[in-house]
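Asks: Take a look at this one; I'll ask things after.
The values are calculated or read from the model by the stated rules, or taken from the named source; none is laboratory data. Only a predicted model underlies this, so the values are computations on that prediction, with no experimental measurement involved. Positions of Cβ are backbone-derived with ideal geometry, glycine not excepted, and every protein chain shown enters the neighbour counts. Heavy atoms of the whole protein, side chains included, go into the accessibility calculation; ligands, DNA and RNA do not. Shrake-Rupley method; radii C 1.70, N 1.55, O 1.52, S 1.80 Å.
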Amino acid sequence: MAKKNLMIVESPAKAKTIEKYLGSDFVVRASFGHVRDLPKADDAIDIEHGFEPKYVVLPDKKDVIKELKQLAKEAETVWLATDEDREGEAISWHLAEVLGLDTKVAKRVVFNEITQKAVVAAVANPRLINLDLVNAQQARRVLDRLVGFKLSPILWSKVRSGLSAGRVQSVAVRLIVERERDIQGFTTAGSFKVVAEFGLDRGQRLLAETRGNYVAEDKVRTFLESCIGAKFSITGLETKPGKRTPAAPFTTSTLQQEASRKLGFGVSQTMRVAQSLYESGHITYMRTDSVNLSGFAIAAAEEVINRKYGPEYHKARQYKSKNSSAQEAHEAIRPSEMNATEISGERNEQRLYDLIWKRTVASQMADAVTERTIVTVGISTNPEELVASGEVIKFEGFLKVYTEGQDDDDDDEEGGSGVLPPLNKGQALNLTEIVARERFSKHPPRYAEASLVKKLEELGIGRPSTFAPTISTIQKREYVTKENREGLERSYRVIKLVGSEIKGTVGKEITGAEKAKLFPSDLGMLVTDFLTVNFPKVLDYSFTAKVEEEFDEIALGSKTWNNMISTFYLDFAETVKDTKDNAKRVGKERPLGVHPKNGKNLTAKFGKYGPFVQMGDTPEEGGEKPTYASLRKDQLLDTITLDEAVELFKLPRDLGELESLKVRANIGRFGPYIQMGKEFFSIPKGEDPYEITLERAAQIIDDKRNAEKNKLIKELAPDVQVLNGRFGAYVKMRGLNLKIAKGTEPSSLTMEDCEQLFLEQKDKPKGKAPRGKVAAAKAPTAKAASAKAPSAKAASAKAPSAKAKGAKVARSKKKS
């Protein structure tokens, strides 16, 4: 039966929620995002006629459009209810065009939260499609297509086939490349931090430090010698009142940053979970650059704070965005219902919702009142003073609910001493010890996904809807990788004064460990260098930010989108032609030196399949061919040393034979492994494939086989097994892994029990596998490892033949 009203939204989850609110006169359907886009052909944009785009219905949306056309034909009124940003406005316009609706009268409704009140209010107050917003989105799409389609073929001819470039993505890669080079050029300097410990009554202690660090060890020793037999006393005691103010409610970028710091979420993961919360009606729209809260939200927060914490904790605040282009009519990301302190949903939805709820409530709470005390300690034998500081929270205020996280580069290593014990001016102090520990300056931190978003936002590059896809794209193109890297061991010096004795010792520490940081690949560095030289304007930060400002002007109706594109394109097209005609094909080649044993030249190069080291020179006809080894994933052409290159040619190592099969140690894409015949066994973390023995390899193989044997607890049918897993026992049944309730003895399970588990869990959505489980699955299989380890014939080819892009397998035709 036909319905009077058809409402079109973007996602089926949203459609299901909204249909419940609108009653029997409405049918709500999803467009599943964009329904039209530019075709992949070169003539998708008519450059000669005002850059007019030629849109086509996406192949996978033809059935969707067919259904929507039929429903629109039967309905009296069609309501376009796509998202409230520019992208959503454009989708509504495309839908109107495809469905044959008059764009001048089509009913457009928007709501920034999916609650009954908001949806009903939107339907009661429809508006027209905002063509200025549509044109702003259209300008971005056309400009990005022009840049991508013109730059990519140049990269194919001048760098390597199959590459692509993007207006915002290439700038993001440039940021990561420049940061990596800053790190490579950084010189670490050591200095001594001097901290004195004083014993107080009731077992308390006071830690005070010199005002600055000492660079030279002899200066440290001179200072410590002057403290032998000295008297220490408090010469200054200053107390200063202070306060802390809560952070503004979340925008898209601040939510991405805080979810990274506190929950360990990647940018795309944050947006997926936030989208789910929005579509379920739990939060307001998650793509926003506004910190504004509605009057309703401010009043609701006040009621919650007064009830849960007391009126003294409340302070109404209205925030204003620093970004002049922020759309203040929109709201920050907040809970739809402030009273809902918890929600039902999967674990990550609950965690992200809790973060949003706390941040929103805290933004409407009183300042935290603090008292900071600075203590000065005098030394009778030395004019230098020691200083201690501490802070006491006198009134928690918003800190009762929420404390903002910090990035790596926000950490204050020196810090204070926390809460200080009761002290008096003139008080004598008993010295326990003075410790001078060597500290080292740190290079600038590598970007994590969230800190890259922060930097892009600071530079005015991109908008809320572009951050996540930009970061995903540069990783998919293998210009950038997100990795954890283990640190290196480093020695540091410690000099102590205890009593009248000065002692020096040497300690060890791990430094430089990285977690979920963005590293540029050699390919990313090569492409960035080429584009920066040949297309400096496209990769210029201020130019890219200016383009974003022009999109904003188009959205406000103060600039014509075709003219904006034309101004950019004239100069750009000329640069493209000049680069195509005159730029030389680029590659990368770095002589490393001579192999210490065989005297052959070693050269780091970038080839068709990625970075590698060549041993030996390219011969004239009939001469000895060079051999090759791919770089490991943590190595770059810019920084690999001669010694590191020599090591690459030591793998694969022949260890001997077991069970009449050759045994080798090697490094694959997912780490070091042992190969025996066609079987592969991961080498445990911390063990070196360059040093592993045949005996140890045999033990690894036995351990793996025994683990496989012990995996099976019980088999009830060919497709029903009770198994031991890394995270406990589970049932494998008809292709599904079923959880066993805590307290259940796995060996006691019957077929009936398993059937019951299957019925209970078969329709549950699959959650994301834990990180450990993913890592375990990455142990090289026979098929995978054989793809990574090229044959001798392949290794002796003129370029390394590991066709898996960026395969990190060190290989050579023969042992050096």
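Asks: Looking at Glu438, Glu449, Glu478, Glu458 in this structure, which one is crowded, with 17+ Cβ neighbours inside 10 Å and closer than 30 Å to Asp540 by Cα?
Replies: Every option except Glu449 fails the conditions.
Asks: Looking only at residues that are of a type in the set (A, V, I, L, M, F, W, C) and under 19 Å from Ala189 (Cα atoms) in the stretch 201-221, which one is most open to solvent (accessible area, probe 1.4 Å)?
Replies: So in the stretch 201-221, the residues of a type in the set (A, V, I, L, M, F, W, C) come out as 206-208, 215-216, 220.
Adding the requirement that they be under 19 Å from Ala189 (Cα atoms) leaves 215-216, 220.
Details: Val215: 113, Ala216: 39, Val220: 0 Å².
Of everything passing the filter in the stretch 201-221, Val215 is most open to solvent (accessible area, probe 1.4 Å).
Asks: Filter the stretch 193-206 down to the residues that are within 38 Å of the chain's Cα centre (by Cα) and either β-branched (Val, Ile, Thr) or under 11 Å from Pro421 (Cβ atoms) (or both) and list them by number.
Replies: Pass one, the stretch 193-206, residues within 38 Å of the chain's Cα centre (by Cα): 193-195.
Listed by number, the residues that qualify are Val194, Val195.
Asks: Within the stretch 132-145, track down each residue that is under 25 Å from Leu452 (Cβ atoms) and either open to solvent by less than 10 Å² (accessible area, probe 1.4 Å) or free of Cβ contacts under 8 Å to residues at least 40 places away in the same chain (or both). First the steps, then the outcome.
Replies: Initial filter on the stretch 132-145 (under 25 Å from Leu452 (Cβ atoms)): 136-137, 139-141, 143-145.
Of everything in the stretch 132-145, those that are under 25 Å from Leu452 (Cβ atoms) and either open to solvent by less than 10 Å² (accessible area, probe 1.4 Å) or free of Cβ contacts under 8 Å to residues at least 40 places away in the same chain (or both) turn out to be Ala136, Ala139, Leu143, Asp144.
Asks: Taking the stated definitions as given, is Asn125 open to solvent by 50 Å² or more (accessible area, probe 1.4 Å), among the polar types (S, T, N, Q) and either under 24 Å from Ala332 (Cα atoms) or touching a Gly at 6+ places or on another chain (Cβ under 6 Å) (or both)?
Replies: Numbers: open to solvent by 50 Å² or more (accessible area, probe 1.4 Å): yes; among the polar types (S, T, N, Q): yes; either under 24 Å from Ala332 (Cα atoms) or touching a Gly at 6+ places or on another chain (Cβ under 6 Å) (or both): yes.
The answer is yes for Asn125.
Asks: Among (1) surrounded by 12 or more Cβ atoms within 10 Å (Cβ to Cβ); (2) at pLDDT 85 or above, there is one condition Lys798 misses while meeting the rest; what is its number?
Replies: (2)
Asks: Looking at Val105, Val109, Val64, Val57, which is the one that is more than 18 Å from Ile554 (Cβ to Cβ), open to solvent by 80 Å² or more (accessible area, probe 1.4 Å) and of a type in the set (Val, Ile, Thr)? Step through it out loud before you land on a result.
Replies: On the way: Val109 fails: open to solvent by 80 Å² or more (accessible area, probe 1.4 Å); Val64 fails: open to solvent by 80 Å² or more (accessible area, probe 1.4 Å); Val57 fails: open to solvent by 80 Å² or more (accessible area, probe 1.4 Å).
Result: Val105 is the single residue among Val105, Val109, Val64, Val57 that is more than 18 Å from Ile554 (Cβ to Cβ), open to solvent by 80 Å² or more (accessible area, probe 1.4 Å) and of a type in the set (Val, Ile, Thr).
Asks: Is there a residue in the stretch 301-314 that is within 30 Å of Gly88 (Cβ to Cβ) and open to solvent by 70 Å² or more (accessible area, probe 1.4 Å)?
Replies: Looking for residues that are within 30 Å of Gly88 (Cβ to Cβ) and open to solvent by 70 Å² or more (accessible area, probe 1.4 Å), one finds none in the stretch 301-314, hence no.
Results for (1) closer than 28 Å to Glu84 by Cα; (2) assigned to a loop (DSSP other than H, G, I, E, B); (3) touching a residue at least 60 places away in the same chain (Cβ under 8 Å), shown as yes or no for each residue.
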| residue | (1), (2), (3) |
| --- | --- |
| Gly242 | no, no, yes |
| Phe265 | yes, yes, yes |
| Ser276 | yes, no, yes |
| Gly281 | yes, yes, yes |
| Val291 | yes, yes, no |
| Ala299 | yes, no, no |
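Each row is one residue, and each column tells you yes or no for (1) among the basic types (Lys, Arg); (2) part of a helix (DSSP H, G or I); (3) under 30 Å from Asn135 (Cα atoms); (4) open to solvent by 50 Å² or more (accessible area, probe 1.4 Å).
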residue	(1), (2), (3), (4)
Asp552	no, yes, yes, no
Gly557	no, no, yes, no
Leu570	no, yes, yes, yes
Asp578	no, yes, no, yes
Pro591	no, no, no, yes
Thr603	no, no, no, no
Arg632	yes, no, no, yes
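Asks: Out of all the residues in the stretch 602-616, which are closer than 14 Å to Glu644 by Cβ and not hydrophobic (A, V, I, L, M, F, W, C)? Step through it out loud before you land on a result.
Replies: Going residue by residue through the stretch 602-616, those that are closer than 14 Å to Glu644 by Cβ are 602-604, 611-613, 615.
If the condition is that a residue be closer than 14 Å to Glu644 by Cβ and not hydrophobic (A, V, I, L, M, F, W, C), then Thr603, Pro611 are the ones that fit.
Asks: In addition: Taking the stretch 244-263 as the region of interest, how many residues are in a strand (DSSP E or B) and either in contact with a Cys (Cβ under 8 Å, 6 or more places away or on another chain) or open to solvent by 10 Å² or more (accessible area, probe 1.4 Å) (or both)?
Replies: As a first pass, look at the stretch 244-263 and keep what is in a strand (DSSP E or B): 244, 250.
Filter once more, keeping what is either in contact with a Cys (Cβ under 8 Å, 6 or more places away or on another chain) or open to solvent by 10 Å² or more (accessible area, probe 1.4 Å) (or both): 244.
Number satisfying all stated conditions: 1.
Asks: Checking the conditions here, which among Ala216, Ala196, Ala208 is without any contact (Cβ under 8 Å) to a residue 12 or more places away in the chain and under 30 Å from Ile434 (Cβ atoms)? Full working, then the answer.
Replies: Details: Ala196 fails: without any contact (Cβ under 8 Å) to a residue 12 or more places away in the chain; Ala208 fails: without any contact (Cβ under 8 Å) to a residue 12 or more places away in the chain.
Result of the check over Ala216, Ala196, Ala208: Ala216.
Asks: Take the residues of the stretch 358-395 that are hydrophobic (A, V, I, L, M, F, W, C) and open to solvent by less than 10 Å² (accessible area, probe 1.4 Å): which is nearest to Leu429 (Cα to Cα)?
Replies: Let us first name the residues in the stretch 358-395 that are hydrophobic (A, V, I, L, M, F, W, C), namely 361-362, 365-366, 368-369, 374-375, 377, 379, 386-388, 392-393, 395.
Subsequent filtering for residues that are open to solvent by less than 10 Å² (accessible area, probe 1.4 Å) retains 361-362, 365, 368, 375, 377, 386, 388.
Values: Val361: 45, Ala362: 41, Met365: 41, Ala368: 32, Val375: 12, Val377: 9, Leu386: 12, Ala388: 13 Å.
Here the residue is Val377.
Asks: OK, next. Quick one: in the stretch 222-240, of everything that is of a type in the set (A, V, I, L, M, F, W, C) and part of a loop (DSSP other than H, G, I, E, B), which residue is surrounded by the most Cβ atoms within 10 Å (Cβ to Cβ)? Walk me through it before giving the result.
Replies: Filtering the stretch 222-240 down to residues of a type in the set (A, V, I, L, M, F, W, C) leaves 223-224, 227-228, 230, 232, 234, 237.
Those left that are additionally part of a loop (DSSP other than H, G, I, E, B): 227-228, 230.
On the way: Cys227: 21, Ile228: 14, Ala230: 14.
In this case the residue turns out to be Cys227.
Asks: What pairs come up if the first residue lies in the stretch 603-624 and is farther than 25 Å from Trp156 by Cβ, the second is basic (Lys, Arg) and in a loop (DSSP other than H, G, I, E, B), and their beta carbons are under 6 Å apart, counting only those six or more places apart or on different chains?
Replies: What qualifies is Met615/Lys600; Gly616/Lys600.
Asks: Does Asp702 fit the bill of being open to solvent by 40 Å² or more (accessible area, probe 1.4 Å) and within 28 Å of Tyr479 (Cα to Cα)? Steps first, answer last, please.
Replies: Details: open to solvent by 40 Å² or more (accessible area, probe 1.4 Å): yes; within 28 Å of Tyr479 (Cα to Cα): no.
Considered against the rule, which asks whether it is open to solvent by 40 Å² or more (accessible area, probe 1.4 Å) and within 28 Å of Tyr479 (Cα to Cα), Asp702 comes out as no.
Asks: Just to be sure I understand, how many residues within the stretch 159-184 are surrounded by fewer than 18 Cβ atoms within 10 Å (Cβ to Cβ) and not polar (S, T, N, Q)?
Replies: Residues that pass the stated criteria total 5.
Asks: If I go through the stretch 9-36 residue by residue, how many of them are of a type outside the set (A, V, I, L, M), open to solvent by less than 40 Å² (accessible area, probe 1.4 Å) and part of a strand (DSSP E or B)?
Replies: Selection size over the stretch 9-36: 2.
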